[in-house]
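Novice: Structure below; questions to follow.
Read-outs: derived from the displayed coordinates by stated rules, not from any lab. Nothing here was measured: the structure is a model prediction, and the numbers come from that model. Here the Cβ positions follow ideal geometry from the backbone for every residue, glycine too, while neighbour counts run over all protein chains shown.
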């Protein structure tokens, strides 16, 4: 506790500065997610405070981030569509997914899996981050132009026939479920069809129009319509916001340019009574826990999103731990990765209970905190408390912020989050993969696949596919390299080892010696299968020297079994020399030892093996 308050002034300035930087981003991410600005603000408040309190990186500032918000958008849009576009009804299921993601992060930390996050391949992260940037930029083009599909009556009207059809289908499904749908008597159906009012049809059509225009493909699909209905005021406010954010950085970086843009453009728009569209109203008063997360829990609704919840947990872990590494480099300290995951998980879980967005350690906010003097967890906690004060004292004022200003802020976030280092490196990466007549870089292939799939299809599946492709390419590369360097291939000429130079000439025709140097695994089993073809016809004994075969995987194990069974069927005696612990354990597991190679035929030295041969294998004209 004494250490916590050891630098009160520095932590106070660090926390206040980080909180000010976090404010516009929290509001923007909340609006972008579909849950409104309050969700972003609640997420920043609770995650910043509790992740700092329980986490393992003293200077970390946490809150909603671009990657976490982009994945959250997928969850939110999908579940809202399930509830016919009614956000209030969908909210408990959405928050339950966020709560599960937080609990999964806690589990990852308790299982001490934090150190393994570093093994996510860089091309997957690069492609994902660039896709996040593209998603944010493209989806914010519609509000930047002042276009909202749910307010375009002509566009909505095109969905009314489909909406009426869907409402009727729902009635028929309900009747079938209740057992009252009778083909001979449609009396009940006719009565219920009276519920399909013009208002209900319009509401359903609004939901369909919103769904049609959601995501990257939806935004691209309706972009020509949005451009034809361009709202010049909204576009100008967006462009001015972007210009201030980039221009003010050239003057000074002491004051966050996003905050300057937010206050300046919002102030001008408000005081000059410009006809702009404000953000949603931010609720006043203390945030209250959303107990419907438990009372209206529906396993069937959230089951399809369990993998997405795990992706959120994993993404938050990667995002946070990468920021922790940045903090370590600046402060010359060392974070505790598993404790950091527990802290992030607790923060995200509590945030979900209060209706907040999930988030992670935020690099820019963390660096700002450190530069302003933050050194302990107190700075992150102060950041959360400041945002809570702003919510309570300035909530009504913040509700007058133009939506176009937040769109401008998000566009700059999208531009900044893209991985330019990875993109710039593309021309210089080695072309180590052949695709037809072309040679290309495997890393570029992975990065592009993840980027395209994540941008235009599904963020979650894109990461999974990227990891699979990266793993396969890695295994192929390591397999080729190890197979090239190791000597487990039978068809190469054998060179005698020093202790074999005095090998009896009388045994050369009947005893075959094979050296295995290097691991026996999936990458080189095809060559090992040819061992029996190399053995001379007169040989009745095979010595396998295994002292340099340190490792064997399951593919290598079964290849060994097949070769040894083939030799045994030919009546060949098999002898092992210097068998190591890991291969021995596997071979005992499937009874290669002692079924094919008894204990008496396993030797610690080559000399002991030769003495056994002389004693047990009859050899004509043996040299004594």
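Novice: Multiply the residue separation of residue 399 and residue 151 by 0.36 nm, subtract the distance between their alpha-carbon atoms, and state the gained length in nm to one decimal.
Specialist: Details: separation 248, 0.36 × 248 = 89.28 nm, distance 1.99 nm.
Taking 0.36 nm per residue and subtracting the Cα distance, the gain is 87.3 nm.
Novice: Quick one: of the DSSP bridges fully inside the chain, what percent are antiparallel, nearest 5? Write out the running numbers ahead of the final one.
Specialist: Values: 8 of 22 bridges.
Around 35 percent of the beta bridges assigned by DSSP in the chain are antiparallel ones.
Novice: Residues in segment 15-32, backbone N under 12 Å from the label point at residue 253 (7 Å along the Cα-to-beta-carbon vector): list them, ranges by number please.
Specialist: Those under the cut-off are none; the list is empty.
Novice: Grab the DSSP H runs of the chain that are 4 residues or longer, score each as -39,500 (n - 2.57), total them, divide by all residues and round the 222 nm result to the nearest 500 deg cm²/dmol.
Specialist: Details: 28 runs with 390 residues, N = 624.
Helix contribution divided over all residues of the chain: -20000 deg cm²/dmol.
Novice: Compare the peptides 337-349, 309-321 by average per-residue count of other Cβ atoms within 10 angstrom and give them in order, highest first. Don't jump to the answer; show the numbers that get you there.
Specialist: Details: 337-349: 26.4, 309-321: 24.5.
In decreasing order of mean packing, 337-349, 309-321 become 337-349, 309-321.
Novice: Quick check: pseudo-label points 7 Å beyond the Cα along Cα→Cβ at residue 280 and residue 434, how many nm apart are they?
Specialist: 5.6 nm
Novice: Give the angle, between 0 and 90 degrees and rounded to the nearest 10, that separates the Cα long axis of helix 215-228 from the longest principal axis of the Cα atoms of the chain.
Specialist: Between helix and principal axis, roughly 40 degrees.
Novice: Something else: Mind giving me the FRET efficiency for residue 8 and residue 263? R0 is 30 Å, r the Cβ-Cβ distance, nearest 0.05 is fine. Write out the running numbers ahead of the final one.
Specialist: Details: r = 28 Å, r/R0 = 0.93.
According to the calculation, E is roughly 0.60.
Novice: Against the longest principal axis of the chain, how steep is helix 257-271, in degrees 0 to 90 to the nearest 10, with axes from Cα atoms?
Specialist: The two axes meet at around 20 degrees.
Novice: Can you work out the FRET efficiency for the pair residue 223 and residue 272, with r the C-beta to C-beta distance and R0 = 35 Å, to the nearest 0.05? Kindly include the intermediate steps, with their values, before the conclusion.
Specialist: Working: r = 30 Å, r/R0 = 0.85.
Between residue 223 and residue 272 the formula returns 0.75.
Novice: Continuing with this model, one more query. Can you order the peptides 158-165, 399-406, 206-213 by their average number of other Cβ atoms within 10 Å per residue, highest first?
Specialist: Numbers: 158-165: 16.1, 399-406: 23.9, 206-213: 21.0.
With the highest mean Cβ count within 10 Å placed first, the list reads 399-406, 206-213, 158-165.
Novice: Turning to a different aspect of this structure: Determine, at each q value in 0.07, 0.12, 0.13 (inverse angstroms), the log₁₀ of I(q)/I(0) that the Debye formula gives when each Cα of the chain is one equal point scatterer.
Specialist: Once normalised to I(0) and log-transformed, intensities are -0.61, -1.16, -1.30.
Novice: Turning to a different aspect of this structure: Quote the relative contact order of the chain in percent (integer), defining contacts as alpha-carbon pairs under 8 Å separated by 6+ residues. Walk me through the intermediate numbers first.
Specialist: Details: 1062 pairs, mean separation 156.3, N = 624.
Across the chain, relative contact order equals 25 percent.
Novice: I've got another one for you. Measure nothing fancy, just the Cα-based angle from helix 37-54's long axis to the longest principal axis of the chain, in degrees from 0 to 90, nearest 10.
Specialist: Approximately 50 degrees, to the nearest 10.
Novice: Could you calculate, for segment 428-484, the ratio of the Cα radius of gyration to the Kirkwood radius, expressed as Rg to Rh? Kindly include the intermediate steps, with their values, before the conclusion.
Specialist: Details: Rg = 12.6 Å, Rh = 12.2 Å.
Rounded to two decimals, Rg/Rh equals 1.04.
Novice: Where does each of 19-32, 534-547 land if you order them by average Cβ count within 10 Å, highest first?
Specialist: Details: 19-32: 27.9, 534-547: 17.8.
My ranking of the peptides, most packed first, is 19-32, 534-547.
Novice: If the chain between residue 116 and residue 456 were fully stretched, how many nm would it gain, using 0.36 nm times the residue separation less the Cα-Cα distance? Display every interim value, and only then the final one.
Specialist: Numbers: separation 340, 0.36 × 340 = 122.40 nm, distance 2.89 nm.
Length gained, residue 116 through residue 456: 119.5 nm.
Novice: Can you give the percent of C-alpha pairs in segment 271-382 whose distance is more than 20 Å? Walk me through the intermediate numbers first.
Specialist: On the way: 3568 of 6216 pairs.
Beyond 20 Å sits 57 percent of the P(r) for segment 271-382.
Novice: Additional query: Relative to the present Cα-Cα distance, how much length would full extension add between residue 336 and residue 298 at 0.36 nm per residue of separation? Mind dumping the intermediate values first?
Specialist: Working: separation 38, 0.36 × 38 = 13.68 nm, distance 3.59 nm.
So the extension gain works out to 10.1 nm.
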